[in-house]
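Written out below as structure tokens is the structure these notes cover.
None of the figures in this text is laboratory data; all of them are computed from the coordinates on show. Predicted model only: the values in this text are computed from it and were never measured. Heads up, the Cβs are rebuilt from the backbone with ideal geometry, glycines too, and the neighbour counts pull from every protein chain shown.
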Amino acid sequence: MKRGSSLACALVVVAGCGGASARPEAPRAEPFATSADAILFDGAQVFDGERFAALDVLVEGARITHVAPEIEAPTARHVDGAGHTLLPGLIDAHTHAGMEPRSLRLAAAFGVTLEVDLFGPPHRLGPAREAEREGHGTELADLRGAGTLATVPAGHGTEYGIPIPTLSQPEEADAFVAARLAEGSDYLKIVYDHWAAPGSDTPFMPTLSLETVRALVTAAHARERLAIVHVGLESDAFDVVSAGADGLAHLFSDRAPRPELVALMVAQHTFVIPTLTTEARGCDVDGNGRTVADDPAIAAWLLESDLARLRRVRDFDRREACFETISASLRTLRDAGVPILAGTDAINAGTTHGASLHGELAMLVAAGLSIEEALRAATSTPARVLGLEGRGRIVEGARADLVLVEGDVSTDIHATRHIALVLHAGREVPRPAPIPADPSSEE
Ligand SMILES: [Zn+2]
């Protein structure tokens with residue numbers, strides 16, 4: 001603890017030491033007897049998942065065991081937090097982690113200690129959860145996911161050359177959802193998207209009927225699972241929220257949300273994962289033509305192939321309108337109290353795992369969220385909404401998923417990129433620069 005005198009004075013006052021009878025020194029906190037692997041984050045500014053505060057944080061094993069303004073733990077490994085900000089491990093609520101271990105290694109190295117895969121190989125989910133339970137593989141982000149998504153034949157999700165089961169009728173919904181849960185899915189992902197070329201009413205791809213979406217949502221809820229729906233248009237969002245969807249996997253950008261949609265989302269506690277990284281990827285949000293690939297704090301950790309993927313969208317649309325509709329919609333939903341979850345939709349063009357979440361945080365702030373609101377969207381809000389117990393908070397008993405960054409995140413969201421240390425389940429995540437490719441990867 002190396003902070004200034006104000007906190008010591010506060011302790012003096014609490015102890016009744018103020019005034020003429022004051023003791024010459026502030027009472028010291030009782031030293032903690034700690035386990036051999038204990039780590040004390042000493043003197044950092046802490047974002048606890050809700051707000052910023054000056055706190056010390058003690059980690060023992062895989063857990064945070066003590067959080068207080070001043071902790072004495074002489075036998076613990078001390079991490080000097082002066083000039084740093086300590087954050088909960090970040091959560092990316094919309095990714096596609098695929099089969100490559102590197103996607104989750106990249107995520108963890110960038111402080112994203114949990115990814116929610118909203119369409120990927122289902123057989124990866126069980127082993128990932130098992131590894132997490134056993135405390136193995138902490139150099140990889142933890143994984144939750146939807147496995148195979150629900151879509152019609154030839155609908156969105158079928159275009160990647162990987163055969164997946166599909167459905168067309170409401171009567172098929174119950175068995176479809178049961179099969180997904182049997183495969184290990186944590187959530188149900190549904191596609192309902194009428195996005196079409198300008199002037200056309202024919203969607204680019206066929207999509208489920210609303211009756212089938214309703215049956216899928218009902219089947220998910222009957223099994224106490226969340227139904228998260230990919231939507232293209234505002235009208236899609238209105239339809240699926242009316243059908244009881246729990247969350248939107250993207251924020252539409254065709255128009256502002258009608259007031260009835262906002263009211264319905266508030267009444268039903270529907271959350272939104274705006275995925276600005278993907279939805280607004282053509283927009284020059286910072287007005288300088290730069291992406292996260294141009295930030296040395298990011299680029300140093302990436303391979304050329306990652307940077308090429310991030311730069312795949314360089315024909316920036318410099319019109320203000322490019323970002324204005326979607327950011328105004330996001331502010332409307334924020335003002336109404338709709339839960340907002342940070343998600344990147346990695347590994348789409350213009351994204352990578354981990355790095356892009358830092359870009360998403362900056363875009364959320366550019367869209368008008370406060371820095372605390374943006375950070376909540378990547379920590380406590382997804383933890384609460386998606387049932388991720390022990391995540392997203394720096395409180396006693398929470399998992400020791402922590403990201404220490406240089407600088408003051410409370411005044412500059414870009415400081416999240418200057419990572420000094422990542423702890424995942426209490427273990428330090430190795431950060432070789434750049435993060436190497438998987439040995440067998442052709443990427
Ligand atoms: Zn996606």
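With a bin width of 10 angstrom, please list the P(r) values of the chain as percents of all Cα-Cα pairs, from the 0 bin to the one holding the largest distance.
Per 10 Å bin, starting at 0, the Cα pair percentages come out as 4, 21, 30, 25, 13, 5, 2, 0, 0.
Take every DSSP beta bridge whose two residues both sit in the chain, then give the antiparallel share in percent to the nearest 5.
So the antiparallel bridges in the chain amount to around 45 percent.
In a shell of Cβ-Cβ distance under 14 Å around Ala362, excluding Ala362 itself, what net charge do Lys and Arg (+1) and Asp and Glu (-1) give?
For residues surrounding Ala362, the net value is -4.
Sequence gap at least 6, Cα distance under 8 Å: using those rules, report the relative contact order of the chain to the nearest whole percent.
19 percent
Using only Cα atoms and rounding to the nearest 10 degrees, what angle (0 to 90) does helix 321-336 make with the longest principal axis of the chain?
Value to nearest ten degrees: 70.
Please name whichever of Gly354, Gly397, Phe110 sits farthest to the positive end of the charge dipole of the chain, dipole taken about the Cα centre and charges placed at Cβ: Lys and Arg +1, Asp and Glu -1.
Going by the Cα projections, it comes out as Gly397.
Counting every Cα pair in the range 116-210, what percent are over 19 Å apart?
49 percent
Could you give the dipole magnitude of the range 122-221 about its Cα centre, charging the beta-carbon of Lys and Arg +1 and that of Asp and Glu -1, in debye to the nearest 20?
Here the size comes out at about 40 debye.
Taking a ≥ b ≥ c as the square roots of the Cα gyration tensor eigenvalues, with a/c under 1.5 meaning rounded and otherwise prolate when a/b beats b/c, else oblate, which class fits the range 338-443?
rounded
Would you mind calculating the gained length between Glu130 and Glu372 on full extension (0.36 nm times residue separation, minus the Cα-Cα distance), in nm to one decimal?
Once the chain is fully extended between Glu130 and Glu372, it gains 83.8 nm.
For the range 117-125, what does the Karplus curve 6.51 cos²θ - 1.76 cosθ + 1.60, with θ = phi - 60°, yield as ³J(HN,Hα) per residue in whole Hz, taken in order and with x for Gly and Pro?
After applying 6.51 cos²θ - 1.76 cosθ + 1.60, I find 8, 9, 2, x, x, x, 6, 8, 5 Hz.
Considering the Cα trace of the range 353-406, what is its radius of gyration and what is Dmax, both in angstroms?
Rg and Dmax of the range 353-406, Cα atoms, are 11.9, 34 Å.
If each DSSP helix of 4+ residues adds -39,500 (n - 2.57) and the sum is divided by the residues in the chain, what number results at 222 nm, nearest 500 deg cm²/dmol?
Only helices count here, giving -8000 deg cm²/dmol.
Mind putting a number on the dipole of the chain about its Cα centre? Charges go on the C-beta only, +1 for Lys and Arg and -1 for Asp and Glu, and I need it in Debye to the nearest 20.
Result for the chain is approximately 520 debye, rounded to the nearest 20.
Mind ordering 274-284, 87-97 by average Cβ neighbours within 10 Å, highest first?
Most protected by this proxy first, the peptides run 87-97, 274-284.
In the range 213-255, which residues have a backbone nitrogen under 20 Å from the label point lying 7 Å from Ala321's Cα in the Cα-to-Cβ direction?
Backbone N within reach: 233-235, 252-255.
Working out 0.36 nm times the residue gap between Arg255 and Ile164, then minus their Cα-Cα distance, what length gain in nm do you get to one decimal?
29.6 nm
If I stretch the segment between Ala437 and Val266 completely, what's the gain in nm (0.36 nm per residue apart, minus their alpha carbon distance), one decimal?
In short, 57.2 nm is gained.
Can you find, among Ala293, Ser327, Trp195, the residue farthest towards the positive end of the dipole of the range 88-397? Put +1 on the C-beta of Lys and Arg, -1 on that of Asp and Glu.
My answer, from the dipole projection, is Ala293.
At q = 0.11, 0.12 Å⁻¹, work out log10 I(q)/I(0) for the range 234-308 with the Debye formula, treating every Cα as an identical point scatterer and leaving solvent out; two decimals please.
At q = 0.11, 0.12 Å⁻¹ the computed log10 ratios are -0.44, -0.50.
Could you go through the range 425-430 in sequence order and give the Karplus-derived ³J(HN,Hα) for each residue, using 6.51 cos²θ - 1.76 cosθ + 1.60 with θ = phi - 60°, rounded to whole Hz, and x for Gly and Pro?
6, x, 10, 6, 7, x
Show me, for the range 195-208, the HN-Hα J-couplings you get by feeding each phi into the Karplus relation (A = 6.51, B = -1.76, C = 1.60, θ = phi - 60°), rounded to Hz, glycine and proline as x.
Once θ is set to phi - 60°, the couplings for the range 195-208 become 4, 9, 5, x, x, 10, 9, 8, x, 4, 9, x, 9, 4 Hz.
If amide hydrogens are placed 1.01 Å from N in the peptide plane, which non-local residues have theirs closer than 5 Å to the one on Gly145?
It is Asp117, Asp186, Tyr187, by chain and number.
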